[in-house]
Amino acid sequence: MITSDYHIHTEYSCDDACMTYNTLIKKAKIRGIKDFGVTDHIHTPFNHPDIKNSHEMFMKKKIEGMHFGVEVSAVSKWELDKIALGDYEGNITYGIREGGIPEGELAIAIDEAFIKKYDIEFVVGGTHWLMYKEYTRENLIHDYHRQNLFLANHPLIDIVAHPWWYMGPFKNERNLYTTLPWFDDFKVIPQSIHVELAEALIKNGKFHEVNLSAILLSNHYTEHFKKQYLEYLAFMQDLGVKFTVGSDCHNENYDIDFIHSNSLIEKYGIKIENNLFSALKKVTGR
Ligand SMILES: [Zn+2]
Ligand SMILES: [Zn+2]
């Protein structure tokens, strides 16, 4: 039974997310979500002011069971260096997504000091884009896995968000992904890759997210893919991987179909951690 949600965007997020703290607090109660965390985006330090603003409002609205987190993206050290030098043009809301070095060093745009400054209780880390390579199936599988592993091994990250979520080229005329990179058949990703991610998550005491809006409830993914993804989650669970749920809500009213989500994860026997903070203490001793 889903009674927690550790991936929620508010109106302070740099994207089109638009929910207020007041609405979240009111609707979480109605939807039976007792423990939850706000996680607005940080791609690069360009987004740090959003977190400052979100944190200010969090402190005003703070209630029991509501936590303050962030969602960081895997980005390149190359772009962080350029941004630090002011060496860029145009809109960098999502970082510098062109011109970088393929296979270059990966990074996230927070450190221990930033976490302390805003009392960040947990960090969700996600792979959001192909880094400076041609959009082929092979490149996408390789680079997404490289980024997922980087996040699973990063000491500041607690939850790897939405592994194998994808947004980019290859949507069909009905706005659905049915072909590349892995929507025709999720089994194109070799099992050895899943095992490698599972081992990293388990070794480091990190959680694998079960993402609702962006994967299991997404309008852009087929039922065929969602079934294969749930089978993948069950496979990861058999290997010993632990899961948290993240609605990844970007809408105004916390409209998330938790009832359908519950039925899906129950059907596949997926167990979820509804108390991240006692679990994290167990794992990390912090
Ligand atoms: Zn994300
Ligand atoms: Zn998100």
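The values are calculated or read from the model by the stated rules, or taken from the named source; none is laboratory data. Everything quoted here is computed from the prediction, not taken from an experiment. Backbone-built Cβ (ideal geometry, glycine too); neighbour counts: all protein chains shown. Note: areas computed on protein heavy atoms with side chains; ligands, DNA, RNA excluded. Shrake-Rupley method; radii C 1.70, N 1.55, O 1.52, S 1.80 Å.
Annotations for the structure displayed:
- Region 256-273, subset in a loop (DSSP other than H, G, I, E, B) and under 13 Å from residue 5 (Cβ atoms), residue least open to solvent (accessible area, probe 1.4 Å): 256
- Residue within region 159-167 that is closer than 14 Å to residue 126 by Cβ, touching a Gly at 6+ places or on another chain (Cβ under 9 Å) and assigned to a helix (DSSP H, G or I) present: no
- Residue count, region 239-255 (criterion: assigned to a loop (DSSP other than H, G, I, E, B) and under 13 Å from residue 33 (Cα atoms)): 3
- One residue alone among 16, 40 is within 17 Å of the chain's Cα centre (by Cα) and surrounded by fewer than 17 Cβ atoms within 10 Å (Cβ to Cβ), and that residue is 16.
- Residues of region 50-100 that are of a type outside the set (D, E, K, R), within 21 Å of the chain's Cα centre (by Cα), more than 16 Å from ligand 2 (Cβ to nearest atom) and closer than 23 Å to residue 148 by Cβ: 76, 80, 96.
- Region 77-115, residues that are of a type in the set (Gly, Ala, Ser), open to solvent by 30 Å² or more (accessible area, probe 1.4 Å) and assigned to a loop (DSSP other than H, G, I, E, B): 86, 90, 99
- Candidates 220, 208, filtered to the one that is closer than 25 Å to residue 37 by Cα and in contact with a Phe, Trp or Tyr (Cβ under 7 Å, 6 or more places away or on another chain): 208
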